[in-house]
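The values are calculated or read from the model by the stated rules, or taken from the named source; none is laboratory data. What you see is a predicted model; the values in this text were computed from it and never measured. Cβ sites come from the backbone with ideal geometry, for glycine too, and all protein chains shown count toward neighbours. Just the protein is used for accessible areas: all its heavy atoms, side chains included, with ligands, DNA and RNA removed. Shrake-Rupley method; radii C 1.70, N 1.55, O 1.52, S 1.80 Å.
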Amino acid sequence: MPAKLTILLLSAFAAACFAQEDSAHTNELALGLGGLPALSRSDIPRLDTGSGVAFQVNYGRRFLKARKVAVYGEINALANPLRDVSSSIPTATHDFASLYITPGIRVKFLATSRIAPYVLAGGGYADYEQSTKRIDGQPNPVSRQLARGVFDFGGGVEVHVWRFVALRGEARDFYTGSPAYNLAGVSGGQHNVVANAALVLGWH
């Protein structure tokens, strides 16, 4: 009797595992690391920003599931601690940090397959923190904090490596108003493209 009970329990456990593999997870938490490439602004005066490291946290919850498509609502937070600024104008901001918090929608295709591509779009809040110094080393007179609206869009692919573990490669563009570079001629929108890789944990 104990042997039969053990076999029954193992069979039930295996069935549950396979069932979990064959369905899209309801909840997903991704921890990512990536980078922002260097950026050149065509404004007058010309301004360039250096590349930077990006730390990303993403939570998604599935609210719609079809045969091969799953739709998730997500909240994405991305932080970049430092991007250097270079310009021929010495009064420009020396560097800045950025934070983007963007609720949005993610549509995953072939959601129950091992390899699942997806597209995403969202919008929310951007925060830029300017350096206390200008390029010439003098104190920076602009306010350190600047809030902007942000629209993000992009796509990526997930590769499932275990029952509740996947790897994700992704590219996003965070489009915002300009940071406060302390240059009157630099204005308008700015594209902040981020490429990152993430570890994804999924559960029901």
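Relative to the longest principal axis of the chain, what angle (0 to 90°, nearest 10) does the C-alpha long axis of helix 2-21 take?
The helix 2-21 is inclined about 40 degrees to the chain.
Based on DSSP H runs of at least 4 residues, each adding -39500 (n - 2.57), what is the mean residue ellipticity at 222 nm of the chain after dividing by all its residues, to the nearest 500 deg cm²/dmol? Walk me through the numbers on the way to the answer.
Details: 1 runs with 20 residues, N = 204.
-3500 deg cm²/dmol, from helical runs alone.
Counting other Cβ atoms within 10 Å of each Cβ, which trypsin sites (Lys or Arg not before Pro) in the stretch 42-121 have at most 15 and sit in a DSSP loop?
Here the sparse-neighbourhood loop sites are Arg46, Arg67, Lys68, Arg114.
Would you work out the charge dipole size for the chain about its Cα centre, treating the Cβ of every Lys and Arg as +1 and the Cβ of every Asp and Glu as -1, and quote it to the nearest 20 debye?
So the magnitude is around 640 debye.
Kindly provide the pair-distance distribution of the stretch 130-204 built from C-alpha pairs, with 5 Å bins from 0 and whole-percent values in order of increasing distance.
For the stretch 130-204, the binned pair fractions read 3, 12, 15, 14, 13, 12, 10, 8, 7, 4, 2, 0 percent.
Rounded, prolate or oblate, given the Cα gyration tensor of the stretch 48-105, with a/c below 1.5 counting as rounded? All intermediate terms of the calculation are to be shown ahead of the outcome.
On the way: a/c = 4.43, a/b = 3.75, b/c = 1.18.
Prolate is the answer for the stretch 48-105, as a/c is 1.5 or above and a/b outweighs b/c.
Which percentage, to the nearest 5, of the DSSP beta bridges contained in the chain is antiparallel?
In the chain, approximately 100 percent of DSSP beta bridges are antiparallel ones.
Please state the charge dipole magnitude for the stretch 66-166, taken about the Cα centre, from unit charges on C-beta atoms (+1 on K and R, -1 on D and E), reported in debye and rounded to the nearest 20.
On the way: 11 positive and 8 negative charges, 106 e Å.
Result for the stretch 66-166 is approximately 500 debye, rounded to the nearest 20.
Got a sec? Charge dipole of the chain, +1 on Cβ for Lys and Arg, -1 for Asp and Glu; which of His160, Ile115, Ala24 is way out at the positive end?
Ala24
For the stretch 94-140 and the stretch 41-77, what is the centre-to-centre distance using only Cα atoms, to the nearest Å?
So the separation of the two Cα centres works out to 6 Å.
What label, among (1) -0.37, -0.45, -0.76; (2) -0.52, -0.59, -0.81; (3) -0.41, -0.50, -0.83, belongs to log10 I(q)/I(0) by the Debye sum over Cα atoms at q = 0.10, 0.11, 0.14 Å⁻¹ computed from the structure on display?
(2)
Using a probe of 1.4 angstrom, how much of the accessible area of the chain is carbon and sulfur, in percent?
On the chain, the fraction of accessible area on carbon and sulfur atoms equals 68 percent.
Keeping every protein chain present and rolling a 1.4 Å probe, give me the accessible area per residue for the stretch 65-204 in Å².
Using a 1.4 Å probe on heavy atoms only, each residue of the stretch 65-204 averages 45 Å².
Answer rounded, prolate or oblate for the stretch 77-142, using the Cα gyration tensor with square roots of eigenvalues a ≥ b ≥ c: rounded when a/c is under 1.5, else prolate when a/b is larger than b/c, else oblate.
Taking the square roots of the gyration eigenvalues as a ≥ b ≥ c, the stretch 77-142 is prolate.
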